[in-house]
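A.B. asks: Got a structure for you, questions after.
The values are calculated or read from the model by the stated rules, or taken from the named source; none is laboratory data. Being a predicted model, the structure only gives us computed values, none of them experimental. With ideal geometry, Cβ positions are generated from the backbone for all residues, glycine too; neighbour counts draw on all protein chains shown.
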Amino acid sequence: SVEPVTAPRVATTESIRLGLVEKLAYAVGKDPEHATLQDWSVALGLLVRDHVVDHWFAATRAGYSKHGKRVYYLSMEFLIGRLLNDAIANLQIEAPIIEALGELGLELKDLLGQESDAALGNGGLGRLAACFLDSMSRLAIPAYGYGIRYEHGLFRQRFHDGWQIEEAEDWLVSGHVWEFERPEVKYTIKFGGHISFDGQGQTHWHAEQTVLAVAYDTPITGWKGAHVNTLRLWSSKPTEILDLRRFNSGDYLNAAEKLIRAETISRVLYPDDTTAEGKELRLKQEFFFTSASLQDLLRRFLTEFSDLKLLPDHVSIQMNDTHPAIAVAELMRLLADEHRLPFIEAFEITRKCLSYTNHTLLPEALERWHVGLFRKVLPRHMQIIEWIDYHHLAEVQGKGLPVSLDAIRIIDHGAEIRMGNLAFIGSKRVNGVSALHTELMKQTVFSEFHKIYPDRIVNQTNGITPRRWLYECNPPLRNLLIEAIGTEWIGNLEKIDAATAFATDASFKEKFAAAKRQNKLRLAAEIKARLGITVDPSALFDVQIKRIHEYKRQLMNILETIALYHAIRRTPGAEWTPRVKIFGGKAAPGYHIAKRIIKLANDVAKVINNDPIVGDRLKVAFLPNYNVSLAEIIIPAADLSEQISTAGMEASGTGNMKLALNGALTIGTLDGANVEIGERVGPDNIYIFGLTAADVADIRIHGYDPRPTIEGDPVLAEVMRSLVSGEFSSDDNGRYHGISDVLYSGDYFLVTADFQAYFQRQRDADRDFRDSSRWTERAILNTTKVGWFSSDRTIRGYAKDVWNVPVA
Ligand code: 26M
């Protein structure tokens, strides 16, 4: 018999040095003399991967999950970023690695920088999924992440003359060491065609197109390597490699057509995170990964059990937004058509296995599919959805509750399929991602459902992994915390509250400020390298990093920047708090206003940064290609965190949590998780301003006229004039007339309505920042009071309220 690896290997300086040189030779094919940094980085990745694999096997063999319940997290997006440092940190093998590299004349940080950033997600939703994987491993929950192995992740952003340019992203070209291809793990996925029923009660789906979903596995190491889960991503491949008949007849291009058609499905991530456009390829992607995942988990279940009625005891499936909501119909199809269960039983089982997380209330982001397109791509699922809709409506009518049936139909007016309603009806639990958001879900989109199923909607406020978002990205603060309170907080972030006692300790304060300064110097160097802008590291670093959206109101921040600029120019001799406005974020390629907002920020930056009267009092830096790796540099350096969405529109936010944990004070509206952050840090340690969600709802009912607000505020009025005068667009005076028009005519996101309150709170921040000792105390309290926002806490909540699984 073959001896398996039994215990994880131990990392010593010696073993790492020898291992590295061996990997470099036999896996990379280079000798040390000719190796590039990239070669060394791959060698180190492969070596660290060996350590990860030891733990992976150990975890699996420990039999933790024997006949237990498994969690399946289905997500269109996993925004994982780089993995090398994450693995090193979780396995606690940094010291021997640094030492071994030193002996080889190499620096760890240089090798880490070589790894490509896996950007298989748009923003918050995808990054949340990645934090959840980390926490599920931390808590030893036997879980699988399921998603798509996009060949191209989110586009790379660069600026040309201040305008956003998108370029294809290519994360796989330089060799991704973290995945294992599983060519034997593959499933057939069908599209299109027609359905027939035979006399024996069997349903047949005669597909128009079939492709294969092939598995690629990435191990996800939990804290201290105690548990390792698997992220399984599906890649689409043709069922046959080549059409030989066509090829032999000389028709080379058409012979390759099937291959291209098949591989197109997992080719590229859709770069939009607001508008749910009804594109056929997108629907195919959603079904592709959902079907493969369900087939895979059913196969795993059936190797252990035979009675599918037991499925809900052993399987919990989480739908990350409605993107995998087709799971409701697909699980029913697999149970009924393939495993011959009666529909009604299949429906019962389905509703006990699935749960759904909602991430937005924006109507344009709620997925809907035209019935015609849907029937063409998924003819059998159309029938199943019709059955569910009919059956569900009858069930509700039977209860005699006073609800609007129109609101709970899946098929809206016979024309469109509402995926939110499908997901809701097919789920055991439906959750929102912050207390406010969950309340609004109950009152708005799902109010009728909430009357029928009062226990179904639950809240699970988002969280972030403290490993990546403090321990890994902020070594100076990490080391200070360890010195002060030990290491407990890394695996149990609520323990970070122990450092609250040091908030007024002179020596701790000094070291905390020094750590912040060190991080600011690192960011200043990055700004210099990427933009050529010199910034003063003692200035207030004011950060807004997130996707560009009107509701997130980057525009309000830019208008405030202009107002401050005007004020500085008017009295340059006054007492100014030097500020650096830092922006990062991508606009969806088709979102024209968002792209113009980027151009405006860059135009404003150009004028301000080159105005000698202003000097160091104000600088503006829009860093291109904001991604996870850049976030890891910006966040530890922030003093002020901009969370200024129109109240009621940001479901939760998670950047707000990362910034607060790293000692930035928030300036924000009472929106999403800001509300809960404010409750924990206290009103003196956060700058809350503006309309509440209730105010916004009220204004929307009565109608809002921006004109008197603008004209009644001389500061804002001057800013508005500068937009149309060409002060920031001397090469094209008309460039910002459109933006001005949007603000004058309706201003749906209420930028002008909140402007004055926002401007005032910014001046409060200016004043407070000048008392650096007091500011440091408040920054410390932000770090020590937000331990609750660990994704470990969030996952404990899901485990208890949604999945019903035990945790470590
Ligand atoms: C939909 C259809 C077609 C193409 C793309 C999409 C799509 C992709 C991502 C739609 C929405 C997407 O993401 C929404 C999102 O990121 N929501 C954010 O989720 C975070 C985690 O819960 C919250 O913190 C944010 O407040 C919320 O905006």
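A.B. asks: Inside segment 654-687, can you point out the residues that are buried (at least 19 other Cβ atoms within 10 Å of the Cβ) and away from the ligand (no atom under 16 Å from the Cβ)?
C.D. replies: N662, G663, A664, L665, I667, V681, N685, I686, Y687 - these are the residues of segment 654-687 that are buried (at least 19 other Cβ atoms within 10 Å of the Cβ) and away from the ligand (no atom under 16 Å from the Cβ).
A.B. asks: Answer yes or no: is there a residue in segment 593-610 that is surrounded by fewer than 24 Cβ atoms within 10 Å (Cβ to Cβ) and either of a type in the set (F, W, Y) or modelled with pLDDT under 95 (or both).
C.D. replies: no
A.B. asks: Among (1) more than 20 Å from W775 (Cα to Cα); (2) more than 16 Å from the ligand (Cβ to nearest atom), there is one condition E510 misses while meeting the rest; what is its number?
C.D. replies: Exception for E510: condition (1).
A.B. asks: To continue, here is another question. Would you confirm, using the coordinates I've provided, whether D134 is under 30 Å from V315 (Cβ atoms), charged (D, E, K, R), outside the structural domain of A673 (by TED's automatic domain parsing) and modelled with pLDDT of 95 or more?
C.D. replies: For D134, the condition - under 30 Å from V315 (Cβ atoms), charged (D, E, K, R), outside the structural domain of A673 (by TED's automatic domain parsing) and modelled with pLDDT of 95 or more - is met.
A.B. asks: Then there's this: Any residue at all in segment 252-261 that's of a type in the set (G, A, S) and at pLDDT 95 or above?
C.D. replies: No, that holds for no residue.
A.B. asks: Checking Q114 against (1) within 19 Å of H34 (Cα to Cα); (2) buried (at least 23 other Cβ atoms within 10 Å of the Cβ), only one condition comes out false. Which one?
C.D. replies: So Q114 meets the others, but not (2).
A.B. asks: Just the residues that are surrounded by 23 or more Cβ atoms within 10 Å (Cβ to Cβ) and without any contact (Cβ under 8 Å) to a residue 40 or more places away in the chain, please, taken from segment 24-76.
C.D. replies: L24, A43, L47
A.B. asks: Name the single residue, out of those in segment 277-297 being of a type in the set (A, V, I, L, M, F, W, C) and out of contact with any helix residue (DSSP H, G or I) (no Cβ under 6 Å at 6 or more places or on another chain), that is farthest from the ligand (Cβ to nearest atom). Spell out the reasoning first.
C.D. replies: Kept after step one, since they are of a type in the set (A, V, I, L, M, F, W, C), are these residues of segment 277-297: 281, 283, 287-289, 292, 294, 297.
If we keep only those that are out of contact with any helix residue (DSSP H, G or I) (no Cβ under 6 Å at 6 or more places or on another chain) as well, we get 281, 287, 289, 292, 297.
On the way: L281: 10, F287: 13, F289: 13, A292: 19, L297: 23 Å.
Filtering segment 277-297 for residues that are of a type in the set (A, V, I, L, M, F, W, C) and out of contact with any helix residue (DSSP H, G or I) (no Cβ under 6 Å at 6 or more places or on another chain), the one farthest from the ligand (Cβ to nearest atom) comes out as L297.
A.B. asks: If you don't mind, there's one more thing I want to ask. Could you list, in sequence order, all residues of segment 401-442 that are in a loop (DSSP other than H, G, I, E, B), under 25 Å from the mean Cα position of the chain (by Cα), within 20 Å of W387 (Cα to Cα) and not small (G, A, S)?
C.D. replies: K428
A.B. asks: Oh, and also: Could you please give the count of residues in segment 135-153 that are crowded, with 24+ Cβ neighbours inside 10 Å and touching a Gly at 6+ places or on another chain (Cβ under 7 Å)?
C.D. replies: Qualifying residue count for the region: 2.
A.B. asks: Would you kindly identify the helices (runs of 4 or more DSSP H) lying entirely within segment 59-159 that contain at least 3 residues that are within 16 Å of the ligand (Cβ to nearest atom) and under 24 Å from K658 (Cβ atoms)?
C.D. replies: By residue number, 124-138.
A.B. asks: What residue, among those in segment 611-653 that are in a loop (DSSP other than H, G, I, E, B) and more than 16 Å from the ligand (Cβ to nearest atom), is surrounded by the most Cβ atoms within 10 Å (Cβ to Cβ)?
C.D. replies: A638
A.B. asks: Look at segment 798-808 and say how many of its residues are over 15 Å from H227 (Cβ atoms), of a type outside the set (D, E), over 19 Å from the mean Cα position of the chain (by Cα) and part of a helix (DSSP H, G or I). Let's see the steps before the verdict.
C.D. replies: At the first step, the residues of segment 798-808 found to be over 15 Å from H227 (Cβ atoms) are 798, 800-804.
Filter once more, so that each one left must be of a type outside the set (D, E): 798, 800, 802-804.
This time we only want the ones that are over 19 Å from the mean Cα position of the chain (by Cα), so: 800, 802-804.
Now narrow it down to the ones that are part of a helix (DSSP H, G or I): 800, 802-803.
Summing the residues that are over 15 Å from H227 (Cβ atoms), of a type outside the set (D, E), over 19 Å from the mean Cα position of the chain (by Cα) and part of a helix (DSSP H, G or I) in segment 798-808 gives 3.
A.B. asks: Turning to a different aspect of this structure: Find the residue count for segment 528-561, including only residues that are under 18 Å from N610 (Cα atoms), surrounded by fewer than 21 Cβ atoms within 10 Å (Cβ to Cβ) and under 25 Å from the mean Cα position of the chain (by Cα).
C.D. replies: The qualifying residues number 1.
A.B. asks: Between T438, T465, which is touching a residue at least 40 places away in the same chain (Cβ under 8 Å), out of contact with any His (no Cβ under 7 Å at 6 or more places or on another chain) and among the polar types (S, T, N, Q)?
C.D. replies: T465
A.B. asks: Can I ask one more? If a residue has to be crowded, with 19+ Cβ neighbours inside 10 Å and out of contact with any Gly (no Cβ under 7 Å at 6 or more places or on another chain) to count, how many in segment 376-387 make the cut?
C.D. replies: Count: 6.
A.B. asks: Do you know which residues across segment 706-749 are in a loop (DSSP other than H, G, I, E, B), out of contact with any helix residue (DSSP H, G or I) (no Cβ under 6 Å at 6 or more places or on another chain) and surrounded by 13 or more Cβ atoms within 10 Å (Cβ to Cβ)? Write out each step before concluding.
C.D. replies: Of segment 706-749, the ones in a loop (DSSP other than H, G, I, E, B) are 712-713, 726-732, 745-749.
Now drop any that are not out of contact with any helix residue (DSSP H, G or I) (no Cβ under 6 Å at 6 or more places or on another chain), which leaves 712, 727, 730-732, 745-746, 748-749.
Across segment 706-749, the qualifying residues are E727, G746, Y748, F749.
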